Every structure is written in C-alpha cells, then in structure tokens.
Amino acid sequence: MSHDLTQMTAAHLGKLYAKGKASPVETMKAVLARTEAVNPVINAFCKVDPEEALRAARASERRWKKDEPLSPIDGVPVSIKELVRVKGWPASIGSKLTDKTPSDADAPAVARLREAGAIVFAQSTSSEFGHKGVTDTPLHGVTRNPWNTGMTPGGSSGGAGAAVAAGLGPLGIGTDGGGSVRIPSSFNGLVGLKATYGRVPNWPPTLNGDFSNTGPMCRTARDCALMMNAIARPDPRDPTQLPADDTDYVKALKHVPKQPRVAFLLRMSDHPLDIEVAAMVTKAARQVGKLGAKVEEIDAPPFSHADAGKSFVTHWLTNSARLLDMYPEQRWGEFDPGLLAGAKIARERYSVKDVVEAHAIRREVAVAWNLFFEKYDFLLTPTVGVQPFPVQRNAPDGVDGKPNFAWSPYTATFNLTRHPAASVPCGLSSAGLPVGLQIVAGHFKDAAVLALAGAYAEAHPLEFPVLPETRQ
C-alpha cells in the first residue's frame, strides 16, 4: 500500500474504508507495528491490547464490507488515558497505590466510542491522579514528546498527546482538570477540546471533581468533531451531565460565525511568557482576523488573575489532600513527591473558610467571564506561555516548585468557569516545537469553538514528524 495508514486522520481512514481502499484490519496492524517500534522511545502507552484490537478490527471490516458501518469512525484506533475507565483494564491512574483490579464497566466516553465502532486498543500514560502538567510517574516512568524526545509532551494527558502526534492511532481521549487536554495538545501540535462542563459525561468522579472534563485530542478539528458526535451524549451515571442536543459537530465546522467579535489577551498577569510564543500567538490572532473576524487586543482579564489563581489552587490542593485519607500513611512514600507535598500543604494550610471562599471566588470569576462573552464571541490567548521544556522537570525555568497555575494560567481559568476552550497549533518555534493558540467562547458554544479552530487550522496546517530512529 503506497500510503502510511498510521499517518492518516480518522476522517481519511473512514473514506478509505468506504471505498474499499483500506481496511480496519490493515490499519490496526499498521498502528500496532508502529506502536511496537515507537512506544519504547516515547512511553506514551502503559497498556496495549492487540488481541482484542484485532478482533474488533475484523468485526469492523465485516461491517464496512456490508456497507453497514456504525459511524464514520468505525474501525478507527483510539487510545484512552489511564484516568478513564476501560472495562477489563485496571484503572491505574498513574499510581502505585491504586487498586489494579480490572474495571467492570467502561466510562461514558469509552462506551460511546465502542458503540460508534472505534477500536479501543491502548491505555495512554498520565501524571499520577492527573495532578501536574507534565507526564512522568513512579509507576510508568517518563513520557516523551515525539517532536523532540528530550522534551516533555505536557500533561497530564501527555501519553495521549504524544501518541496521536507520533502516529499511534489518530484519536485520543484525554481528561482536563486544569488544562490537561489543552497543554499536551499545544506541546504536541494537536487540536484538543475541553467542552462546556457536562457536555461529555464523566464517571466515575475524579479526584478533582467538577474541574475535570473528558475530551478529544486529534491532529485535526474534523477528527475532534467526529469524536464529539460520539461522546457528547448524556449518561445517567453523571449527575452534572447536560441534556442531549442535536448538534452535529462535523456539519458545524462549516458554520463559523460571520464577522465574529474576537478579543485577544496575550497576558493574564505577571507570569512566564516565552518571547517566541508571544510573537507566534500574536501573529495567529492577526491571521484569525483575516478569516473575517474583528480582533481586538485587550490588556487584562475581566477578573483578578491572582484571585482566580488562589481559588483554583485552593480547590486543587484540598482535593489532593483527600489522598492522605484514602491510603495508609506507611505507603505515602510511593506517591509522586510533588503530589504528596501538595496534599500535605493543603492539610496544614487550608481551613473550611478558605474552601468556602474559593467557591465564592469561583462563582464571581464565572460571572465576570459570562458578561465578557456577552460582548465578545471568542477569546484568543496562548494555550501555554512557554515552549515544551525538558523531561523530568515539573515546570519551566523560573517557576519550579510552584503550582501549574503559575505557568499555565490560560487553561486553568476556564476549568474554574466551565467555559469551552480548545487548543489549535499555530506553528513551530525556531526549535521545531509546536505552539498552541487557545480559543474560548461562552457556555454551550462548543461547536463554534471547534469550528473556528478548524477554520484556522485548515488555513495553517501542521506537518507531523516521523521519528527518524523508528521511521517505518
């Protein structure tokens, strides 16, 4: 076969299957072969299930031959972050301490993907309990960025980001509690979407409660849309789910609002901002203007960044403190040191009053941004203010030892407020590393966010690497 099936998008694979020019079995075998060669280099997967993947591929192939696919992503390989339950697989959550008994049910997104015929074939790595914006754990070791294996792929969905960028399946499921879909999407050159909270049901509840969202990570907005058509459906196990709607995310890609009002915010406040990232994102904002948008640069967010950060960190660390009650003290040394330190700090520092105040600030921040989105259709920011930095570090230069919010304020803000936000690649730095543009909109404008991301990405496509040492 003249084309490399591992480098195809899900949308392209579906077209090839429909025309009989490729099959799910061929694709799955190619992805498994590439996984065997590449995963030892980048450590994106902690589990691969080739036998079940090939069984599912054969079933999908039969459906395509009868012209009865379950959906356009029938027979397309998808990996699932290890924080998300997959029936028959252990929910390790990146931790040595968790129960490794195989799960007895799929999480909602996994169940919906199976119903769409997608092939769930691998479990991708995460930081422990998804607590930080890079991906390394005492359980699974270090995950690396395929654009430069000395650099982090971000986190906590770093395995998903690295895998999709490296051609280990075109679809990835990540989770996002403070940017954990968008940060690795930025660092790996992907389109990643955190939808309005509740749009993609979550079960079981995560450590970080209603900060956490499940979302797609793909090379294109169209592939994200195909995934959203499958996973953005209610599930009774999530009491915060949004009601069903009739959105077709693929069709919605054609409907970017005409002459939208767009705000561009380069800085949230005083935090690290790489000069090259600043220049690239500023250029990208101007290019969005060329798509027909009216782009206005603004100087500050509508609510104190410091107060929002205080609220986020209070929520995050007090949630982490629960771990100290969940596991015996004699095993605490098995935690990631940063996770353990944060949990201990929370236990010593925060009172009930602090938590109540954090909730109050969260409501105020959300209202301020709601009013902002009455004036503007979209907000543009950097996804992350820095480029990918070396592995085995928790943060870039200047903010070591500080919470993620110190270096990824753009993403975590919208976990506080529950607004939809996507990261879309806006080019490569002089070091050859991807940089992301974040697109945010008002509640329930998920399809519009993805449509603008798709319009921008289509006008400015990114070419993905094939690791030289594992070129197929």
Find, among the trypsin sites (Lys or Arg not before Pro) in the stretch 1-59, those assigned to loop by DSSP (not H, G, I, E, B) with at most 16 other beta-carbon atoms within 10 angstrom.
-> 21
Per 5 Å bin, what percent of the C-alpha pairs of the stretch 364-447 does each bin hold, from zero upward?
-> 3, 13, 21, 21, 17, 12, 9, 4, 0
Counting only the backbone N, which residues of the stretch 88-127 are under 13 Å from the spot 7 Å out from the Cα of residue 244 toward its beta-carbon?
-> none
Efficiency of FRET from Cβ geometry, residue 269 and residue 459, R₀ 22 Å, rounded to 0.05 | 0.10
Among [x] 20.6, 64; [y] 36.8, 146; [z] 22.2, 66, the entry derived from the coordinates for Rg and Dmax of the Cα atoms in Å = [x]
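Given charges of +1 on the Cβ of Lys and Arg and -1 on the Cβ of Asp and Glu, with all other atoms neutral, how large is the dipole of the stretch 23-110 about its Cα centre, in debye to the nearest 20? Could you put the intermediate results ahead of the total?
Numbers: 14 positive and 13 negative charges, 14 e Å.
Rounded to the nearest 20 debye, it is 60 debye.
Quick one: work out the % antiparallel among DSSP beta bridges in the chain, nearest 5. Before the final figure, lay out each step's value.
Working: 29 of 46 bridges.
Among the beta bridges of the chain, antiparallel pairing accounts for roughly 65 percent.
Would you mind working out the magnitude of the charge dipole of the chain relative to its Cα centre, with +1 at each Lys and Arg C-beta and -1 at each Asp and Glu C-beta, to the nearest 20 Debye?
Details: 52 positive and 48 negative charges, 165 e Å.
Magnitude of the dipole: close to 800 debye.
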Give a quick list of chymotrypsin sites (Phe, Trp or Tyr not before Pro) in the stretch 112-158 that DSSP marks as loop, anything other than H, G, I, E or B, with at most 13 other Cβ atoms within 10 Å.
-> none
Surpassing 28 Å at the alpha-carbon level, of the pairs 290/310; 283/375; 254/375, are 290/310
Over the chain, calculate the relative contact order: mean separation of alpha carbon pairs under 8 Å at least 6 apart, over the residue count, as a percent.
-> 17
Can you work out the FRET efficiency for the pair residue 258 and residue 341, with r the C-beta to C-beta distance and R0 = 41 Å, to the nearest 0.05?
-> 0.25
For the stretch 37-186, divide the Cα radius of gyration by the Kirkwood radius and give the resulting Rg/Rh value with two decimals.
-> 0.98
Cα-based Rg (one decimal) and Dmax (whole number) for the stretch 134-177, in Å?
-> 10.0, 28
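Could you compute Rg(Cα) / (2.2 N^0.38 Å) for the stretch 302-373, with N its residue count?
Working: Rg = 14.8 Å, N = 72, 2.2 N^0.38 = 11.2 Å.
Cα Rg divided by the expected 2.2 N^0.38 Å: 1.33.
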In terms of Cα to Cα distance under 24 Å, which lysines are near enough to residue 21, apart from those fewer than 8 places away along the same chain?
-> 29, 65, 66
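Laboratory data are not the source of any read-out in this text; all were calculated from the coordinates shown. Only a predicted model underlies this, so the values are computations on that prediction, with no experimental measurement involved. As a convention, Cβ positions derive from the backbone with ideal geometry for all residues, glycine included, and neighbour counts pool all protein chains shown.
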